[in-house]
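For reference, the structure discussed in these notes is given below.
The values are calculated or read from the model by the stated rules, or taken from the named source; none is laboratory data. Fair warning: this is a prediction, and the values are worked out from it, not measured in the lab. Note: ideal-geometry Cβ built from the backbone for every residue, glycine included; neighbour counts use all protein chains shown. Areas reflect the complete protein model, heavy atoms only, side chains present, ligands, DNA and RNA absent. Shrake-Rupley method; radii C 1.70, N 1.55, O 1.52, S 1.80 Å.
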Amino acid sequence: MLNVYALDTETPKHKSFELPGAHPHYTPDRPGQVEHIALDLLLDISNQRYTGTCRIRLNPVRNGITYLTLDAVTLQIESVMVGNLAQTFDHDGEQLHITLSQPTVAGQSIELAIAYRSDTPQRGLYFVAPTEHQPNKPILVWTQGEDEDSRYWFPCFDYPGQLSTSEIRVRVPKQYQAISNGELVETLEAENDKIFHWVQKQVHPTYLMTLVVGEFDEICDEWDGIPVTYYAQRGRQADAQRTMGKTPAMLEFFSDRFGYRYAFPKYAQVCVTDFTFGGMENTSCTLLTDRCLLDERAALDNTNSEMLVAHELAHQWFGDLLVINHWSHAWVKEGMATYSEVLWTDNQYGAEEAAYYRLGEMRSYLSEDKTRYRRPMVTHVYRAPIELYDRHIYEKGACVYHMIRTELGDELFWQAIHGFVNKFAHTTVETLDLIRTIEATTGRNLRFLFDQYVYRGGHPDFKVTYRW
Ligand SMILES: [Zn+2]
C-alpha cells in the first residue's frame, strides 16, 4: 500500500533569490530596428589594445528622433558620424548619447559610424598571453558577449531583442588567424598583416557576435555540404578530433529533432585558453574552454565534453535561431540546451542512460532549491542578468521540457517543438510564445503547468510511506 501526501511548495524557509539592490528590468524603448552592424578593427596584440569603427544601420521607428542612447562601456569614443556629418555626442563611460543633427524620418535608415579605441579592455574582448608563471600560454584574443558584455568591446544597442545582420573585418599580424560569425568572404595580405572579413547574413543579437584570433590547428569536417571546423591550440589536433568529432552526427540529429535544418553557413568550434565559461554558443562560431579537450586516456570515461558540444550546438536552434527577447526568458533556451544533453545521451547510449542523466539534472536543481533559494524560472527582478544563469533555468528547465513531453506524449511534443522552431526562426521569443504554439499545434492548454512550474517556484514534494 502506498500513501502519498502532497505538501505545500512555497514555505518561507527558502532564502530569497533577489539580492539586495535587485529591481525589475525591462527592455529599453526602441528608436528603431538595427538592420546591420559592421565592425572594422585593428588589433595591436602585443600591446593588448585595439582601435575600430562600428557602423550601425538603424531604421527609425518614427519621425523626429533627435537623441540616441547606445551602450559603450570603458571605450574611448573618438567621433560619431552620420554620412559626412559629425554628430555631437556625450559619453559618460557607460552610455553614448548622440544628438542627431538631422531628426529621423520613419523608415529612412541612417548609418552611424562610431570611431573608437580600447586601450585597456577589461571585459568583452580578452587578450591572453604567456606570463612569468605560465610561459606556455598561447597568444590569443577572444570575446564573450553574454549577457551584457558586448558593450565593452563595441558600441551597440545591447539587449537581446535587437536582431541584425553583422560583419567583422579585422586586421591582425599575419601569423594569426581570425575567426568569427558567418562566412569568411575575404582574406587580404597587407604588409606584415592579414585582414579577415567575416559576414553573418542571418540576423542575431549583439551578445552572439564574436571574434577569436590566434594560431590554431584547424580540422575541417563537413555535414550535408556545411563546413564543420574545429580549432585548437597547435599540437592538439588529435584531441580536438576526439572531443568534437561527433559534431556532424549531432548536426544531423538536432536538425531532425527540432524539425529545422541547421540554419547557418558553417559551424565552427574554437577551443580557447582562460575561457570564463565552459562554452558559448556564438552564432555559427561556438567558443569552448580548452579544458574540454580530451587526451586518449581522458576520453575513455568522460562524456562531459561530448555533452558540452551537444549543449552548445543545440543553442544554434534554441538561443541563436530563436532568440529570447529578454533575459527573464533565458530558461527557454538554457532548458532546451540542457535537455538536449538528455536527448543526445538517449540517441548514443540508450534510454536508461538518458533517464539517469535526467535524474542527475533533477538532483542538481533540487540541491539548489534546498540549499540556496527557490524562485520562478521566469523573473525580471534581479541585480544583474548573470544571476539568472542558475540550476533553475538549466536543470529545472530541462526537467520542465521533459514534463511537457510526458504530458503531451512524444508525437504531440515534437509537433509542438517543430511548430515553435519553424514559426519563430530568425525572430525573438518569450515563454508565452511557447505556450501559444503548444496550444496551436496540439490543442492542449498547458497554462496550468506553466503557472506552477515556470511562473512560480518549487515542485511537488511528496512524503511517501508504506505499510503492509
Ligand atoms: Zn547554454
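Kindly report, to the nearest 10 Å², the accessible surface of Phe277 as traced by a 1.4 Å probe over protein heavy atoms only.
Only protein atoms counted, so the area is about 80 Å².
List the trypsin sites (Lys or Arg not before Pro) in segment 145-192 that DSSP assigns to loop (not H, G, I, E or B) and whose Cβ has at most 14 other Cβ atoms within 10 Å. Which are they? Please report the intermediate quantities before stating the final value.
Values: sites: Arg151, Arg169, Arg171, Lys174; in loops: Lys174.
Qualifying residues, ordered by number: Lys174.
Considering only C-alpha atoms, what is the centroid distance from segment 411-468 to segment 238-277, in Å?
The distance from the Cα centre of segment 411-468 to that of segment 238-277 comes to 27 Å.
Report the charge-dipole magnitude of the chain in Debye, nearest 20, computed about the Cα centre from +1 at each Lys and Arg Cβ and -1 at each Asp and Glu Cβ.
With only Lys, Arg, Asp and Glu charged at Cβ, the dipole is about 980 debye.
Where a ≥ b ≥ c are the square roots of the eigenvalues of the C-alpha gyration tensor, would you call segment 1-132 rounded, which needs a/c under 1.5, or, failing that, prolate if a/b is larger than b/c, or oblate?
Working: a/c = 2.94, a/b = 1.55, b/c = 1.89.
Oblate is the answer for segment 1-132, as a/c is 1.5 or above yet b/c matches or exceeds a/b.
Within the chain, what whole-number % of the accessible surface is contributed by carbon and sulfur, with the 1.4 Å probe and all protein chains included in the calculation?
Working: 10060 of 20710 Å².
Result for the chain: 49 percent of the exposed heavy-atom area is carbon or sulfur.
How far is the Cα center of segment 311-336 from the Cα center of segment 124-200, in Å?
Rounded to whole Å, the Cα centres lie 23 Å apart.
Ranked highest first by average number of other Cβ atoms within 10 Å, how do 63-69, 316-322, 381-387 line up? Can you show the working numbers first?
Values: 63-69: 13.6, 316-322: 24.9, 381-387: 15.3.
Put in order of decreasing packing, that is 316-322, 381-387, 63-69.
Taking the dipole about the Cα centre of segment 268-379, with the C-beta of Lys and Arg at +1 and of Asp and Glu at -1, give me whichever of Asn304, Met280, Leu359 is farthest to the positive side.
Selected residue: Leu359.
Kindly express, to the nearest 10 degrees and within the range 0 to 90, the angle between helix 431-442's C-alpha long axis and the longest C-alpha principal axis of the chain.
Taking the Cα atoms of the chain, the angle to 431-442 is about 60 degrees.
Calculated FRET efficiency, Arg117 and Ser46, Cβ-Cβ r, R0 25 Å, to nearest 0.05?
Numbers: r = 16 Å, r/R0 = 0.64.
The computed FRET efficiency comes out at 0.95.
Among 429-436, 79-86, 115-122, 416-423, what's the highest-first ranking by average C-beta atoms within 10 angstrom per residue? If you can, show how the numbers build up before the last one.
Numbers: 429-436: 17.9, 79-86: 13.5, 115-122: 15.2, 416-423: 19.6.
For the peptides 429-436, 79-86, 115-122, 416-423, the packing ranking is 416-423, 429-436, 115-122, 79-86.
For segment 325-436, just say rounded, prolate or oblate: build the C-alpha gyration tensor, square-root its eigenvalues into a ≥ b ≥ c, call rounded for a/c under 1.5, and beyond that prolate if a/b exceeds b/c, oblate if not.
On the way: a/c = 2.05, a/b = 1.08, b/c = 1.89.
Judged from the Cα gyration tensor, segment 325-436 comes out oblate (a/c at least 1.5, b/c at or above a/b).
Pop a pseudo-label 7 angstrom from the Cα along the beta-carbon direction at both Lys423 and Ser109 and give the gap in nm to one decimal.
It works out to 2.9 nm between the two label points.
Just reorder Lys370, Lys15, Lys246 by solvent-accessible area, largest first, 1.4 Å probe, all chains present.
Numbers: Lys370 175, Lys15 130, Lys246 75 Å².
Largest to smallest exposure gives the sequence Lys370, Lys15, Lys246.
Would segment 389-437 count as rounded, prolate or oblate if I go by the C-alpha gyration tensor, calling it rounded below 1.5 in a/c and otherwise prolate when a/b exceeds b/c, oblate otherwise?
Numbers: a/c = 2.35, a/b = 1.12, b/c = 2.10.
Oblate.
Report the label-to-label distance for Glu94 and Lys13 in nanometres (one decimal), using points 7 Å from each Cα along the Cα→Cβ vector.
If labels sit at Glu94 and Lys13, their model points lie 3.9 nm apart.
On a 0 to 90° scale, report how tilted helix 330-349 is relative to the longest principal axis of the chain, with both axes built from alpha carbons and the result rounded to the nearest 10.
Long axis of 330-349 versus the principal axis of the chain: about 70 degrees.
At a threshold of 8 angstrom on Cα-Cα distance, excluding pairs fewer than six apart, so keeping six or more, what relative contact order does segment 216-301 reach in percent? Could you put the intermediate results ahead of the total?
On the way: 140 pairs, mean separation 24.0, N = 86.
Reported relative contact order: 28 percent.
Using the structure shown, list the pairs from Lys266/Lys333; Lys201/Lys396; Lys266/Lys423 with a Cα-Cα distance above 28 Å, or answer none.
Working: Lys266/Lys333 21 Å; Lys201/Lys396 34 Å; Lys266/Lys423 23 Å.
From Lys266/Lys333; Lys201/Lys396; Lys266/Lys423, over 28 Å: Lys201/Lys396.
Considering Cα pairs under 8 angstrom that are at least six residues apart, work out the relative contact order of segment 99-240 and quote it in whole percent.
Details: 245 pairs, mean separation 28.7, N = 142.
It rounds to 20 percent for segment 99-240.
Out of all DSSP beta bridges with both ends in segment 226-335, state the antiparallel percent to the nearest 5.
On the way: 2 of 12 bridges.
So the antiparallel bridges in segment 226-335 amount to around 15 percent.
For the chain, what is the relative contact order in percent, using Cα pairs closer than 8 Å and at least 6 residues apart in sequence? Present the calculation step by step, with values, prior to reporting the outcome.
Details: 1015 pairs, mean separation 74.0, N = 468.
The normalised contact order for the chain reaches 16 percent.
What residues have an amide H closer than 5 Å to that of Thr229, excluding those fewer than 5 places away on the same chain, when H is modeled at 1.01 Å from N in the peptide plane?
Correct list: Asp221, Tyr267, Ala268, Gln269.
Hey, got the dipole for segment 148-261? About the Cα centre, +1 on K and R Cβ, -1 on D and E Cβ, debye to the nearest 20? Spell out each step's value before the answer.
Numbers: 12 positive and 18 negative charges, 31 e Å.
Rounded to the nearest 20 debye, it is 140 debye.
Residues of segment 95-160: accessible area per residue at 1.4 Å, in Å²? Can you show the working numbers first?
Numbers: 2700 Å² over 66 residues.
Each residue of segment 95-160 exposes 41 Å² on average to a 1.4 Å probe.
Rank Thr143, Ala232, Val128 by how far each Cα sits towards the positive end of the charge dipole of the chain (+1 on Lys, Arg Cβ; -1 on Asp, Glu Cβ) and give me just the farthest.
Thr143
Nearest 10 degrees is fine. How inclined is helix 247-257 to the longest principal axis of the chain, computing both from alpha carbons?
It is inclined by approximately 60 degrees.
Would you work out the charge dipole size for segment 224-279 about its Cα centre, treating the Cβ of every Lys and Arg as +1 and the Cβ of every Asp and Glu as -1, and quote it to the nearest 20 debye? If you can, show how the numbers build up before the last one.
On the way: 7 positive and 5 negative charges, 18 e Å.
With only Lys, Arg, Asp and Glu charged at Cβ, the dipole is about 80 debye.
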